[in-house]
1. Go through (1) over 24 Å from K196 (Cα atoms); (2) surrounded by fewer than 20 Cβ atoms within 10 Å (Cβ to Cβ) for V262 and report which single condition fails.
2. Mind listing whichever residues of region 55-71 are of a type in the set (A, V, I, L, M) and under 54 Å from the mean Cα position of the chain (by Cα)?
3. List the pairs whose first member sits in region 182-198 and is farther than 11 Å from V162 by Cβ, whose second member is assigned to a loop (DSSP other than H, G, I, E, B) and not aromatic (F, W, Y), and whose Cβ atoms are under 6 Å apart, counting only residues at least 6 apart or on separate chains?
4. Is it the case, given these coordinates, that R65 is modelled with pLDDT of 85 or more, over 30 Å from L107 (Cβ atoms) and open to solvent by 80 Å² or more (accessible area, probe 1.4 Å)?
5. Give, as residue ranges, the strands (runs of 3 or more DSSP E) completely inside region 188-284 that count at least 1 residues that are modelled with pLDDT of 90 or more and within 33 Å of the chain's Cα centre (by Cα).
6. How many residues does region 159-183 hold that are more than 39 Å from the chain's Cα centre (by Cα) and part of a strand (DSSP E or B)?
7. Based on this model, can you work out whether N41 counts as modelled with pLDDT under 85, under 30 Å from K112 (Cα atoms) and of a type outside the set (D, E, K, R)?
8. Going by what's in this entry, would A150 be described as within 40 Å of the chain's Cα centre (by Cα) and modelled with pLDDT under 90?
Amino acid sequence: MADVINVSVNLEAFSQAISAIQALRSSVSRVFDCLKDGMRNKETLEGREKAFIAHFQDNLHSVNRDLNELERLSNLVGKPSENHPLHNSGLLSLDPVQDKTPLYSQLLQAYKWSNKLQYHAGLASGLLNQQSLKRSANQMGVSAKRRPKAQPTTLVLPPQYVDDVINRIDRMFPEMSIQLSRPNGTSAMLLVTLGKVLKVIVVMRSLFIDRTIVKGYNENVYTEDGKLDIWSKSNYQVFQKVTDHATTALLHYQLPQMPDVVVRSFMTWLRSYIKLFQAPCQRCGKFLQDGLPPTWRDFRTLEAFHDTCRQ
């Protein structure tokens, strides 16, 4: 984004010009000091006159030399651009009563805001133009009969491939056991047991995780007919919290092109709960807060936090 005022100034020459101004002021001060002191420290009148004239001439030469140097540097400094972005309204900055009439500062702030708005609008337009979401009137009028949408290939993966992915993940984590079943056809359901801490029911659609329910290690996870209970919640508040966090994790780990990576990432995150009741909060350092352990696990570092400490 362009600056508000375009100034082409040689900063090095500007710094030297400031030093030259200081030297010129010093030499002029020496001239007046010489005139103020007059003829002193000489016994004869002729000697005092000669010394005064010589000293005065040296000071005048110094003033002339410093003045020439300042003129040379002033040509190198450059001049600000005359094209002010606010045009004639820039003359309002010359108003000495800024507290009573802050019109220029308000105009300048509005100009900056409009510049930023235009810049970000250009970025958003470029990003939207890259997406293939446009539908012209001709396309909608001509194609009365639309072609059926192609189903994503990730939703129709063969069951054998899903079994291989789950088995590889099961071998990755010794403290985690995964039991796979298909009570309703091709859709898989997983019963994940994490040590002696908790059990997780994972409902899958191919390699996409649809739902997770976290329960305690000693809680019953089956219905009366022997199927996994995918509807009832845990009786303990701590595992209800973990269930909510697991649902949030499903929304975080999204990569439709590589669903096996998503499942592996989610299982890696879930494995961090192996020390649910042993790890302290990384912010407050406490094990319990409102009677609950740190139930949140960071998606990137897997560190433990209380639900209120993570914000």
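The values are calculated or read from the model by the stated rules, or taken from the named source; none is laboratory data. These numbers were taken from a predicted model, which means no experiment stands behind them. Don't worry about glycine lacking a Cβ; one is built from the backbone with ideal geometry, like all the others, and counts go over all protein chains shown. The protein model used for the area step is the full one, side chains on, heavy atoms only, and it has no ligands, DNA or RNA in it. Shrake-Rupley method; radii C 1.70, N 1.55, O 1.52, S 1.80 Å.
1. If we test V262 against (1) over 24 Å from K196 (Cα atoms); (2) surrounded by fewer than 20 Cβ atoms within 10 Å (Cβ to Cβ), just (2) comes out false.
2. Answer for region 55-71, where residues must be of a type in the set (A, V, I, L, M) and under 54 Å from the mean Cα position of the chain (by Cα): L67, L70.
3. Cβ pairs passing all conditions: P183/K227; G195/E175; V197/L276.
4. Working: modelled with pLDDT of 85 or more: yes; over 30 Å from L107 (Cβ atoms): yes; open to solvent by 80 Å² or more (accessible area, probe 1.4 Å): yes.
So R65 passes the test.
5. Numbers: elements: 189-194, 198-205, 208-216.
In region 188-284, 208-216 are the strands (runs of 3 or more DSSP E) which contain 1 or more residues that are modelled with pLDDT of 90 or more and within 33 Å of the chain's Cα centre (by Cα).
6. Qualifying residue count for the region: 3.
7. Details: modelled with pLDDT under 85: yes; under 30 Å from K112 (Cα atoms): no; of a type outside the set (D, E, K, R): yes.
Judged against the criteria, N41 is not a match.
8. Taking the combined requirement at face value, the residue satisfies it.
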